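See below for the structure under consideration.
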Amino acid sequence: MAVAPGIAAQPPDVVEAHRNAVDIYVRTADVTAAIVPLQHWKPQDFDRAIEGLIASKDVARMRAAAIFHLDIATALVGLSSPAAKQHIEIGSDLLSRVRDSYKEATKRKEHDAFRAIWLSVAGSVFLSIRDPMRAAPYLRQAHDLAPDSAHVWTVYGMVEEVDASGYNPNDWTTLSQRERNQREQIIRLGRAERAYREAIRLDSHYAIALIRLGHVLHISGKLREARESMDRGVAEAKGPYQEYVAGLYMGGLLQDQKDFGGARRSYERALAIVPNSQLVVVALAHLELMAGRPDRAQTLARDFAASDTQTTWWAYKDGSLDLPGLQWLRQQARQ
Amino acid sequence: MMRIIAASAVVLIASVTVAAQRPTFRSGVAVVRIDVSVMNGLSPVAGLTRDQFVVLDNGVPQTIDSATLENVPLTLTLLLDTSESMRGDRIAHLIEAAKTLIKALHPQDEASLATFSEPFLLRLPMTRERSPLIDALDRLTPAGSTSLNDAVFLGLQLKPATVGDSTSVLLVFSDGHDTASWLRNDQLIDATKRSSLLLHVIELLPSIDTATGSPRPSEFLASLAKAGGGRHWAAQKASDLNDLFGKALNELRARYLLTYSPSGVDRDGWHDVKVTLRNARGDITARPGYFVQPQ
């Protein structure tokens with residue numbers, strides 16, 4: 001949603017309401033509470049509010065607003081990806097305006113590092129709904145701004161990994177399609193592997209890159225190398241997000257290696273962090289079924305179906321949303 | 001030519017209760033029930049006797065104890081794809097087709113409604129009431145990507161705790177390829193074979209692409225239905241859905257229940273079951289086998 005230059009004074013109600021919403025967001029970090037006054041707004045209301053914000057030249061609030069709109073996009077993307085894209089475009093536009101306002105090179109450099117994280121999160125918002133085409137342009141921009149960021153390389157690898165999953169050689173209608181899917185999947189998994197290896201070269205302790213490299217090697221059939229990388233990733237994993245991702249993917253690898261006990265413990269660690277994660281429930285229930293415990297599989301499924309909220313697991317899912325990046329940005333907004 | 005499409009078998013594991021009711025059980029597996037549909041085009045084939053069925057269990061001919069044309073209630077789970085690609089008239093036609101099916105159920109039939117895009121949602125548990133199901137269907141809106149495999153797996157696990165005198169069916173509708181599941185296709189097929197639910201699949205093909213021509217039905221969905229003992233129908237356009245949902249229900253009403261006590265085969269593991277007709281013509285749908293967990 002581009003905002004035209006040459007900004008006229010805006011009606012104070014829209015500008016004011018938007019400023020208040022940003023302030024609530026900064027104060028509470030609660031996007032659902034902050035967005036309440038704006039929930040019936042039309043795109044032109046947002047246009048006018050953003051024009052007013054840009055006219056204020058309040059750089060700190062513009063950056064906070066960019067994070068606010070990114071958080072809105074994260075919440076919206078499962079319901080409407082076009083609406084999510086609109087909010088990401090608002091944020092992206094605001095960050096470009098902020099950069100233009102900086103004259104000093106050091107400030108621009110600091111801002112570019114910030115923008116790179118913002119853009120990698122923006123791309124990952126679309127990865128979280130398995131839309132690598134929409135994600136890729138943001139990741140390319142992030143990469144241009146921060147070519148030596150392990151974080152950005154990792155999300156870049158995730159774009160390729162998610163794209164690869166769209167070429168399923170076991171889901172085909174013609175033999176030529178199966179061959180094409182096989183070929184395209186191998187190409188993309190190779191690119192993902194190279195991106196994760198680059199991230200690890202830049203930061204050998206980067207847990208998510210180690211885990212995702214392990215996963216890509218696993219689905220490429222390189223089980224020994226996969227286990228090596230996964231073990232390192234699990235050892236480096238800190239905090240709920242990293243430990244959840246480690247539990248999920250290590251579980252998958254161990255299950256394929258027929259270590260059902262190890263896989264069960266790994267999935268259960270992930271489930272302890274996000275009890276209503278659909279992916280982990282399915283993974284664990286499938287493991288139980290294959291291990292001859294169909295009653296346990298049914299109980300897991302019934303408990304999941306009876307749980308009333310999908311919100312917690314949505315942010316975690318398969319780890320494709322850059323949650324650490326989003327959490328870092330939220331912290332920046334508060335500061 | 002007679003064609004075996006799939007099979008539907010329920011294994012009754014021996015228990016004190018079963019033993020008391022059925023003295024014929026041996027070595028753990030008491031009786032195998034095979035749910036078989038026999039169709040001649042769109043019409044059910046009635047009047048067949050047990051002598052007209054041939055059952056091979058792991059290649060060994062079995063003595064059929066009974067063959068009855070079932071008239072038991074259905075326990076039907078509708079599992080509908082509500083992903084983003086269902087926008088527009090596709091979802092409207094789907095809702096109408098599902099409503100028509102619900103209205104055509106017999107009073108003693110039960111139905112539940114679950115949907116999936118990326119998340120799986122049990123919208124309504126099993127009920128004999130029709131209006132809550134109709135209301136829930138009216139509220140469906142499409143959004144998000146497609147976790148078909150995970151949703152079907154969860155649907156299979158949610159089978160009613162006690163089936164009793166009813167036939168449990170999972171009727172899956174999808175219009176697209178899986179984009180977000182944890183389970184691979186081979187894992188889901190394996191899990192489906194281990195389930196006792198009858199699984200039918202209705203697929204809505206993508207719109208015709210002028211560059212690539214007419215889309216073809218998914219091989220995977222056909223294999224999935226086969227593994228679940230059901231059929232796979234593909235609709236070229238959304239307005240065909242009403243007809244296909246009707247065909248699915250018609251098929252569910254035309255089932256024979258064959259029972260036999262397995263003999264001459266090992267108890268544990270996978271049992272490949274083949275059902276054919278002798279001195280009769282018809283299109284057979286039955287589960288391809290059953291699995292007995294080693295003790």
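Taken over the stretch B:79-118, residues that are part of a strand (DSSP E or B) and either at pLDDT below 90 or within 14 Å of chain A (Cβ to nearest Cβ) (or both) amount to 6. Scoring B:E251 on the criteria (1) modelled with pLDDT under 90; (2) part of a strand (DSSP E or B) leaves a single failure, condition (2).
Scanning the stretch A:94-147 for residues that are outside any helix (DSSP H, G or I) and either within 14 Å of another protein chain (Cβ to nearest Cβ) or at pLDDT 90 or above (or both) yields A:S128, A:I129, A:R130, A:D131, A:A146, A:P147.
Looking only at the stretch B:59-78, residues that are touching a Ser or Thr at 6+ places or on another chain (Cβ under 8 Å) and in a strand (DSSP E or B) come to 10 in all.
Within the stretch A:174-183, is there a residue that is part of a helix (DSSP H, G or I), in contact (Cβ under 8 Å) with a residue 24 or more places away in the chain and small (G, A, S)? No: the stretch A:174-183 contains no residue that is part of a helix (DSSP H, G or I), in contact (Cβ under 8 Å) with a residue 24 or more places away in the chain and small (G, A, S). Regarding B:Q62, is this residue at pLDDT 90 or above and over 23 Å from B:K159 (Cα atoms)? Taking the combined requirement at face value, the residue satisfies it.
The residues in the stretch B:143-161 that are within 7 Å of another protein chain (Cβ to nearest Cβ) and in a helix (DSSP H, G or I) can be counted, and the count is 4. Taking the condition among the hydrophobic types (A, V, I, L, M, F, W, C) and buried (at least 20 other Cβ atoms within 10 Å of the Cβ), does A:A49 pass? When the stated conditions are applied, A:A49 passes them.
Of all the numbered requirements in (1) within 23 Å of A:A75 (Cβ to Cβ); (2) in a loop (DSSP other than H, G, I, E, B); (3) free of Cβ contacts under 8 Å to residues at least 60 places away in the same chain; (4) within 10 Å of another protein chain (Cβ to nearest Cβ), A:F304 misses one, and that requirement is (2). Can you tell me which residues in the stretch A:171-216 are within 13 Å of chain B (Cβ to nearest Cβ) and modelled with pLDDT of 95 or more? Across the stretch A:171-216, the qualifying residue is only A:H215.
For the stretch B:180-206, filtered to residues that are in contact (Cβ under 8 Å) with a residue 40 or more places away in the chain and out of contact with any Asp or Glu (no Cβ under 8 Å at 6 or more places or on another chain), the residue that is surrounded by the most Cβ atoms within 10 Å (Cβ to Cβ) is B:L199.
The values are calculated or read from the model by the stated rules, or taken from the named source; none is laboratory data. Quick caveat, the model's predicted, so the values are computed rather than measured. Counting neighbours? That spans all protein chains shown, and the Cβs are built from the backbone with ideal geometry, glycine included.
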